[in-house]
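Read through the structure below, which is laid out as C-alpha cells, and then see the notes.
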Amino acid sequence: MNNKIKLAVAGAVMSAASVANAGIIIPAGDWTIDINGNVNAFANFTNYDSEATQTITGAIAGKEDANGEDSVQGINTGLLPAWLGFTGTTRQNDVDVSFTISFQPNVSDNGAMGDVLTPLNRQAFVTFGDKSWGTVKLGKDLGIFAGNAILNDMTLLGVGGGAGKSGAQTTLGGIGTGYIYPSWKGQISYTTPNMNGFSATIAVTNPDQGNAFGTAGGGTTTNNAAYQDRLGVEGQVQYEFTGDVAGKVWASFADYEKEASKTETVYSVDNDENANAWDIGATASIGNLGLVAYYFDSEGMGSRLMGEQAFYNNSGSMEARDVDGGYVQATYVIPTGTKLGVAYGVNNIDKASGETDSELVKKNDRWTIGAYHPLTKHLNLVAEYNKIESEAHDSTKDSEQDTFSIGAILFF
C-alpha cells in the first residue's frame, strides 16, 4: 500500500493481517499510478449514564437526549474514513516526483435520501526530492504535530470515542482522549534524507482565517473568532530502529499566533495570544508484542480540535488554556492471528487566567479494549469496547458513556 496514503498505511501497520505492499498499480508512460484506500463500517451501540440537563463544555462523553433516552445505535465509519486515493510517481532529471489526491466518501448518514453528507477532501499535494538530499512537499496533507500520535492509535482500525451519533462522517478514536487532532493543512515542508534511522521535518502551514481555528469560548461571550496573522510552523525529529526490538522515537512541535477579530470589542485589553504545543512518543515491537507511549503539552491549541476551547475572554483579554495528556497502548498477536489491544488515554484541560467557569471540562479520558482479526489478506474483522468519561471542573458534574462496536475494514 502506497505510503502517501498515511492513514491507510497506519491502519495496515496496526493490522494483524499481512497487507499488500501496494494498491492497484497501473504503469502509464513515465508514470506509475497507485490506486489505493479502504472501506470500513461499524455498528455502534452506545449507552450514557448522565442526564440531558448535564452541562460540561468540551465533554467527549455524551449524555441522554431531550426525551430521556440513554442509548443510541448507528452505522458509521470508524476513526478512519472510507478512502480512495490516487498517487502517481516518476523519476525525472534525477528527481523523484509524486502527486497524491484523495477523497473520503461516506458509508452512512441520517438524511431521508441518504445523501446529506458531502465527501471529505483531505489530500492534494506534490512532492519532489532525492534520497541524497531529502523531500519537499507542497499542498494539503496531515499536520506534523500529533501526526504520529494518531497514526499509531490502534483505534485507527476501529472506532474509539465519538460513536454516539448515528450517520456521522467519522468517529474520534483517541482524539481528545490522548492527543489533539493534527488536522489536514496546506503546507510547505522539507524532510531530510534518512540518516541511519534519523530524520527531521520542518514546515510552514496555512494560517486559518476563520472560526475553525479558535472559537474563544468561556463566559457568556459567543462568536469570538481567533485569527492567525502569520504562517504556522510545525516540525518533527524522529529516530527509527530495527532488530529484535524495533520501533521509533519522535518529538514534534507546533507554533501559531492568534489574534481576536478586530470587530470583537470584547477583546479591548489584549487580543493577541501565542498558541504552541510539543509532544514526545515512542513505539516498540518485540515479537508479537507492540507498545506505544505518548505525551503532549500545549497552550492555546485546544482540547480536541486545534482551537476548540483554546481561549477564554477574561474582561477583554484573550487568555489561553493549557491542555496536556497522552496515551499508553499495548497489543499482542495471538496464534490465530488476531491482534488484541488495550489502551488508556487522557486529555487534561486547565482553566485560563481569571476563569471561573465550573462547567468547563477538566478531563476527558478513555479506556479501549479491541480485537482485530485478519479474515483475509486485506480484510479485518473488528470488535471494540470503549469507555469514555468527561469530568468538569465542578467535581459534581461528570458524564460517562460505554460503546460496543463491531464491523470490518478492508484495505486495497
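The values are calculated or read from the model by the stated rules, or taken from the named source; none is laboratory data. None of these values were measured; they are calculated from a predicted model. Positions of Cβ are generated from backbone atoms using ideal geometry, with glycine treated the same way; all protein chains shown enter the neighbour counts.
Could you tell me whether any residue of the stretch 129-149 is closer than 24 Å to A200 by Cα and free of Cβ contacts under 8 Å to residues at least 12 places away in the same chain? The answer is no; no qualifying residue exists. Of the strands (runs of 3 or more DSSP E) lying entirely inside the stretch 356-412, those carrying at least 2 residues that are of a type in the set (K, R) and over 21 Å from F45 (Cα atoms) are 361-374. Given the criteria farther than 23 Å from D365 by Cβ and modelled with pLDDT under 90, does T222 qualify? For T222, the condition - farther than 23 Å from D365 by Cβ and modelled with pLDDT under 90 - is met.
Taken over the stretch 145-188, the criterion of being within 24 Å of V107 (Cβ to Cβ) and of a type in the set (F, W, Y) is satisfied by Y181, W184.
If the requirement is being more than 19 Å from L156 (Cα to Cα) and either buried (at least 17 other Cβ atoms within 10 Å of the Cβ) or at pLDDT 95 or above (or both), which of these qualifies: S358, S317, S353? Just a single option satisfies the conditions, and that option is S317. A count restricted to the stretch 41-79 and to residues that are farther than 26 Å from A392 by Cα and touching a helix residue (DSSP H, G or I) at 6+ places or on another chain (Cβ under 8 Å) stands at 1. Pairs linking a residue in the stretch 183-201 that is closer than 13 Å to F125 by Cα and at pLDDT below 95 to a residue that is crowded, with 16+ Cβ neighbours inside 10 Å and β-branched (V, I, T), with Cβ atoms under 6 Å and 6 or more positions apart or on different chains, are K185/T205. Quick check, is S50 touching a Ser or Thr at 6+ places or on another chain (Cβ under 7 Å) and not in a strand (DSSP E or B)? So S50 passes the test.
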